[in-house]
Each structure stands twice: as C-alpha cells, then as structure tokens.
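Colleague: Pasting a structure below so you can have a look.
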Amino acid sequence: WTYQVVGESPPTHAETLDALKEWGLPVEPHWTRCDGVEALVAFTREWEEKRRTLDFDTDGVVIKIDRIDLRARLGTTSKFPRWAVAFKFPAEQKTTLLKSIEVNVGRTGAVTPFAMLEPVFVSGSTVSMATLHNADDIARKDIRAGDWVIIEKAGDVIPRVVGPILSKRPAESTPWVMPTICPRCGSNLHRPDDEAVWRCENTSCPAKLQRGLEHFASRGAMNIEGLGESLVAQVVNAGLVHDYADVYHLTAEKLEQLERMGKKSAAKVMAQIEKSRSNELWRLIYGLGIRHVGERASQVLARAFGSMDTLCGATIGQLQETQEIGPVLAESVRSWLDEPRNRELVDRLRAAGVNMEVPEDQRAAAALPGPLTGKTYVITGTLRSMSREQATAALERLGAKVAASVSKKTTGVIVGAEPGSKAEKARAIGVPMVDEAALLDLIK
C-alpha cells in the first residue's frame, strides 16, 4: 500500500490518502478520520472483530495525527514519531491440552522450556508448540504437564502459554521441575544467581557445536582461514567433528570428500589448521567461547597466568585479584573450567599439539616494567602497516595497556583511516591524538 508523499504534500494525511487514490496508486481502504478519543475507541473496537474479514493478518490499528504541520511540531525520537501510536488488539486465545514440557538447548547453551500441545487452530495457523520462557515463569504460573491451558500468539506471531485452567487439573498432577542435566550431552546445567536462564557450559554439546566452532575458527580467535560457516556445517553434519579438538584430526582426504572441496582447497585449510597449533595462548582462551570472556579478557588471563594449566588451577579469588577481571567474569571462567567435559576438551587440544603456554621470554618481559608502563592507549580506525591485534601486542610488550574506550585517563588515541566516535570523544575531552607514523616511532 502507499500511504505517504515525500516532499510537498497536502496539509492533512486524509487529503494525502485521497490524492494517492485519485492518482491510481493502491491505498488501504479501511481508514477513517476520527474526531475525539471516543471515536477512536469505537473504531478500534469495531476492527477488533472485523479484522478477521480482511485478506491479510493485522494485530492492531495505527493512530496518527492528521495535520502535517502538527506532526512537524511534535517531531520524532531516534526510533519513532511522536505523532503516531500503535493500538494492539488483544490476542486471540484458545484452550488445549499441554501434553508435556520439554527443553531446548540453543547455540549459546541457554536451555529453554517449551510446551508440547494438542494441536489447536489460533490466529490463522495450527499450533502444537508454545514458549514457556523459563523455569521461574513456569513456577510462577504453576503450569504442569497434563494441564488444560490457555494459549495465545504474542503479537499474533509467537505462541505462548498464558496459564493453566485449574478447574480441569488432574488430581495426580505434580509441579514441573527444571532438569539439571543437559538433554543433548548429559552435562550439568548451571544458572547464575542473577539470571533466570539455565545454561549448558559443555563446549562440545552438539546443540552448541556448530556456532561455537565458527567462533573457534574465526579471525579473532584461532584464525583458521577457510574454516567458515559453510565448511563448519559440512564437517559437523558429516560427523567429522564432535568438538573443537577434532579439527586437529581432520585430514585432506576427509575434506576432499565434502562438497566444493577439491584437493587445493582441502590442502589450504589443512595448512591453516596446522598453523593454528602454534597460536598465542590468548587466542585459544578466546576461541573456547567462555561466556563474558572477550579478546581483551583473554589477553589479560593469558598474560596473568602464563599457561592453561595454571589458569585451570586458579581459584575464583585468584581470578578476581587479576587486574581487569571482575567477579562476574571470574565466576564464568571458573564455572566453565569446572565442567569435566571442558577439561577433557583442553586435554585433547593439548594432545593435538595446540599451544597452551605463553613463551618464557614473553612472561619475563611482561613481569618487568617497560618504557610504556602506566600508559593507556585506545586504537580507532584502520592502520595501514599492521592490524589492530599486532598494534595491541606491540604496545603491550612495551608495558602499555590498550583499552576499548576513551576516558580522561587515556594517554593517547591511535588514529588510523576512517576513525570512529572514539576520536571525536578524545578531541572533546582533550586526549592527544597519535597518528600511525607516531605509533611506529613509539613501538620501535
């Protein structure tokens, strides 16, 4: 449908719609001009029922100011106009039997309960499954397997269980209990104290493997060029990889059997896999996909503990004492390391020849004060002579800290081509700018 004229237009929206129709353009015909709130309420109530007669689905009515000059005065926020509001119809509700409550494991390890229903037709489609959000929501609503329940489509799209019909509850009914074991891999599930979501932290869980492996092989982690989304999906679906360590047991012959993988392509991927065995320890830590642990935290952990063995033996207290590592991150690292299957994965990666240590000379250098000790830099934009990772490593070898954001404590902002908002903030608060030539002089 057409509904707006860009540029000079009639003084009201009603006149605009009439003009568009006269010009032969398609205009949705069921609009009307309402004078006062009572007329608006009557219109929305009328279409709450009549919407079922339309040739398309709709979940509400958009109410707009008619005069264009008043719209200009009201203006907009960064997300929506102040002169329009959406009125949503109440969702259509139906009753049906909740046959069982199952759980699904997402790619991040989040374990979400859902309802298996006796199929029922709601808002234009047959529904046999519905979301139950989380264990706390189920307990709050006291939803149980075997209940007759009320369901609706949130926004006329996503089926959800509103609640049980207690008068129809079987006498032998018992409350549902959230499982504590992952249904896909058998690992223990964990739930942080401040969250409603239970999670499987086994990196090798089949439900998490494909997306996790994409991250493991990504440029910022183990940097295995060629092992991208398509190839990861193939090796997982073919049963060639069951955890990250299996990547190091792939062969060119196995890869050649996959779609679009000739001898040259397979050889290139194998060369990248071999090269990744000698990566820096922080890349491995980051590639493992520990929740809350990004590139910076991985670098901090690698520098602070020096080896994967030492990190595996660190207590929460020791982790929290590490500069830049807070209690949430420390708890996340310790929780991941406490999962036996994750420790097995680390052992298998070690057996496959993946580097597990920071070299002794780098440890010694990190322990000594450098010429840039006590200084903090931020990098923004694209550098011509090196990557950001290389620049970060060079600065840190000299004792500097490389931060993600600019503050008054920042020593300088290293500015490459097409810098972002960090450069603007630095100028605003008087932080010195360092161009690429000055950076090269700094790290000589």
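None of the figures in this text is laboratory data; all of them are computed from the coordinates on show. Computed from a prediction, not measured in an experiment: that's the story for all the values here. Don't worry about glycine lacking a Cβ; one is built from the backbone with ideal geometry, like all the others, and counts go over all protein chains shown.
Colleague: Starting from the Cα-Cα distance between Ala14 and Lys264, subtract it from 0.36 nm times their residue separation and give me the gain in nm to one decimal.
Modeller: Additional length available on full extension: 83.5 nm.
Colleague: Can you pull out the trypsin sites (Lys or Arg not before Pro) in the stretch 260-321 that DSSP calls coil and that have at most 12 other Cβ atoms within 10 Å?
Modeller: Counting only loop positions with at most 12 other Cβ atoms within 10 Å, the trypsin sites (Lys or Arg not before Pro) in the stretch 260-321 are Arg260.
Colleague: Counting only pairs 8 or more places apart or on different chains, how many lysine pairs in the stretch 13-88 have C-alpha atoms closer than 22 Å?
Modeller: The number of close lysine pairs in the stretch 13-88 is 6.
Colleague: List the residues of the stretch 174-211 whose backbone N lies under 15 Å from a point placed 7 Å from the Cα of Glu102 along the Cα-to-Cβ direction.
Modeller: 183-185, 207
Colleague: At each listed q (0.12 Å⁻¹), what is the log10 of I(q)/I(0) that the Debye formula gives for the stretch 371-442 modelled as equal alpha-carbon point scatterers?
Modeller: Taking Cα atoms of the stretch 371-442 as identical point scatterers yields -0.26.
Colleague: Normalised by the residues of the stretch 13-88, what does the relative contact order come to in percent, with Cα pairs under 8 Å and at least six apart?
Modeller: It rounds to 28 percent for the stretch 13-88.
Colleague: Oh, and also: Which value at 222 nm does the chain reach when only helices count, each DSSP H run of 4 or more adding -39,500 (n - 2.57), with the total divided by all residues and rounded to the nearest 500 deg cm²/dmol?
Modeller: That comes out to -10500 deg cm²/dmol.
Colleague: Starting from the alpha-carbon convex hull of the stretch 200-240, give the projected area averaged over all orientations, in nm².
Modeller: Averaged projected hull area, Cα only: 2.9 nm².
Colleague: Just tell me which aspartates and glutamates come within less than 19 Å, Cα to Cα, of Lys268; anything on the same chain fewer than 8 places away is out.
Modeller: Excluding near neighbours in sequence, the set is Glu214, Glu225, Glu229, Asp246, Glu253, Glu256, Glu259.
Colleague: Also, quick follow-up: Mind checking the stretch 258-333 for GluC sites (Glu not before Pro) that DSSP puts in a loop (not H, G, I, E or B) and that have at most 15 other Cβ atoms within 10 Å?
Modeller: Loop-located and lightly packed - Glu259, Glu321, Glu324.
Colleague: Assuming 0.36 nm per residue, please report the length gained on full extension of the stretch Thr95 to Phe80 beyond their Cα-Cα distance.
Modeller: So the extension gain works out to 1.8 nm.
Colleague: So, one more: Checking the cross-link filter: which lysines have an alpha carbon closer than 17 Å to that of Lys99, excluding same-chain neighbours under 8 positions apart?
Modeller: In chain and number order, the partners are Lys141, Lys168.
Colleague: Continuing with this model, one more query. Are there any trypsin sites (Lys or Arg not before Pro) in the stretch 62-121 that are in a DSSP loop and have at most 12 other Cβ atoms within 10 Å? List them by number.
Modeller: For trypsin sites (Lys or Arg not before Pro) across the stretch 62-121 that sit outside H, G, I, E and B with at most 12 neighbouring Cβ atoms in 10 Å, the list reads Lys79, Arg82.
Colleague: With an 8 Å cut-off on Cα pairs and a minimum separation of 6 or more residues, tell me the relative contact order of the chain in percent.
Modeller: Relative contact order comes out at 8 percent.
Colleague: Using Cα positions and a limit of under 20 Å, work out the lysines in reach of Lys444, with same-chain residues fewer than 8 apart set aside.
Modeller: Filter leaves Lys375, Lys401.
Colleague: Contour minus end-to-end for Glu225 and Leu440, with contour as 0.36 nm per residue of separation and end-to-end as the Cα-Cα distance?
Modeller: 74.6 nm
Colleague: Between Thr2 and Ala39, what FRET efficiency comes out of the Förster formula 1/(1 + (r/R0)^6) with R0 = 25 Å and r the beta carbon distance, rounded to 0.05?
Modeller: Efficiency at R0 = 25 Å is approximately 0.50.
Colleague: Quick one: check the C-alpha center-to-center distance for the stretch 15-63 versus the stretch 384-444, whole angstrom.
Modeller: When both Cα centres are located, 56 Å separates them.
Colleague: Can you tell me the relative contact order of the stretch 344-434? Whole percent, Cα pairs under 8 Å, sequence separation 6 or more.
Modeller: 29 percent
Colleague: Moving to a separate point now. Can you give the longest run of the chain that contains no chymotrypsin sites (Phe, Trp or Tyr not before Pro) sitting in a DSSP loop with at most 13 other Cβ atoms inside 10 Å?
Modeller: In short, 57-444.
Colleague: Another one. For the stretch 93-168, how big is Rg over Rh, using alpha carbon atoms and the Kirkwood form of Rh?
Modeller: Result for the stretch 93-168 is an Rg/Rh of 0.96.
Colleague: Now a separate question. Sort out for me the Cα centre separation of the stretch 291-334 from the stretch 99-167, rounded to whole Å.
Modeller: That distance is 39 Å.
Colleague: Same structure again: Rg and Dmax of the stretch 201-368, Cα atoms, in Å?
Modeller: Rg and Dmax of the stretch 201-368, Cα atoms, are 16.3, 51 Å.
Colleague: Rounded to whole Å and sorted largest first, what semi-axes of the equivalent ellipsoid does the C-alpha gyration tensor of the chain yield via the square root of 5 times each eigenvalue?
Modeller: One finds semi-axes of 50, 35, 23 Å for the chain.
Colleague: Follow-up question, since we're still on this one. Which of Ser100, Ser125, Ser187 ends up with the largest GNM mean-square fluctuation for the chain, with Cα atoms connected below 10 Å?
Modeller: With Cα springs under 10 Å in the chain, the top fluctuation among Ser100, Ser125, Ser187 is at Ser125.
Colleague: Further question: Give the cysteines in the chain for which no other Cys Cβ lies under 4.7 Å away, or write none if there are none.
Modeller: Cys with no partner Cβ under 4.7 Å: Cys34, Cys312.
Colleague: If we restrict to alpha carbons, what Rg and Dmax does the stretch 323-444 come to, in Å?
Modeller: For the stretch 323-444, the Cα radius of gyration and maximum Cα-Cα distance read 18.0, 52 Å.
Colleague: Provide the per-residue ³J(HN,Hα) series for the stretch 57-67, in order, calculated from phi with Karplus coefficients 6.51, -1.76, 1.60 and θ = phi - 60°, each as a whole number of Hz, with x at glycine and proline positions.
Modeller: 7, 9, 10, x, 10, 9, 9, 10, 5, 6, 6
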